[in-house]
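Structure record follows, encoded as structure tokens.
Taken together, the values in this text are just the output of simple stated rules run on the coordinates, not laboratory data. Here the structure is a predicted model, which is why all the values come from computation and not from measurement. Backbone-built Cβ (ideal geometry, glycine too); neighbour counts: all protein chains shown.
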Amino acid sequence: MEAIRRMGADGGAHAGCVYDKSVCVSGGNGDRMAEERGATTNSASSDRGVFITLEGPDGAGKSTQALLLVERLRARGHEVVALREPGGTPISEKIRALVLDPANTEMADECELLLYEASRAQLVRQVIEPALACGAVVVCDRFYDSTHAYQAGGRGLDEALVRRANKLGCCGVNPDLTLVLDMDPADAFARAAADGLDRMEAEGLAFQQRVREDYLALAREEPSRARVIDATGTATEVAQRIDGELARAGFLTLDVAR
């Protein structure tokens, strides 16, 4: 978990990169996001990059696998932009610190939802859109599926409200592939607790169970985009399963000669 936090917070190689929008005109995003989860779709662009997100309950190993996936893709010659949510830009990192601070126990659920969407909108406009327009592979630890899972599934906020908020926050940008890391919530919670709990992780096991159920529902609704990955075992074993899903989805044959 600390590795992915540093990736966004320390101003590293890709945490705050900004692409020149004057020469890179953003293309469309395909039609892989189901409309009912709150996103929009655009027409496809042949020179657009690829957007991959990693999702799952706290403690499932997303952050570790995101870093490993970035390393493997770079080794294959891809330009990769590595991001995390909330965060990834100076403004978004400030929102992250606010929304995850365990001291903010009085934060209303609606306030929490809007903070996540504000962080996302800034990240999309400042980094993700221009990176995709330049043909990069964007790998993001969490995106709007987390908001649906945590704020609708976990918190119990009105689902239609969360969908509308997601639609605004993503600015029309949708993942091409979402890897949902799945494991028993009790085991995942124990992993998360070992590193110390932020405000969301501290919501407890029952909350994490509801989050997991929402993620699994996503995979049933959108099997072509959302692929469930067994997150048990070693990091190497999980990475091999991810590569298997990437191959089945056709993402290991990405053209690096851009």
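Just a few scattered comments:
- Prolate/oblate/rounded label for segment 136-258 (Cα gyration tensor, a/c 1.5): oblate
- By other beta-carbon atoms within 10 Å, ranking Leu73, Leu83, Leu205 with the fewest at the front produces Leu205, Leu73, Leu83.
- Burial ordering of Met107, Met183, fewest other beta-carbon atoms within 10 Å first: Met107, Met183
- Packing rank of 196-203, 144-151, 62-69, where each peptide gets the mean count of other beta carbons within 10 Å, highest leading: 144-151, 62-69, 196-203
- Peptides 89-101, 237-249 ordered by average Cβ neighbours within 10 Å, highest first: 89-101, 237-249
- With neighbours defined as other Cβ atoms within 10 Å of a residue's Cβ, the residues Cys171, Cys111, Cys134, Cys140 order from fewest to most as Cys111, Cys171, Cys134, Cys140.
- Highest-first arrangement of 208-220, 113-125, 157-169, where packing means the average Cβ count within 10 Å: 113-125, 208-220, 157-169
- Check: segment 74-115 dipole with +1 on Lys, Arg Cβ and -1 on Asp, Glu Cβ, in debye: 460 debye
- Debye-sum result for segment 181-249 in log10 I(q)/I(0), which assumes one identical scatterer on each alpha carbon, at q = 0.13, 0.17, 0.23 Å⁻¹: -0.44, -0.72, -1.06
- Residue separation of Lys94 and Met107 scaled by 0.36 nm, minus their Cα-Cα distance, works out to 3.1 nm of gained length.
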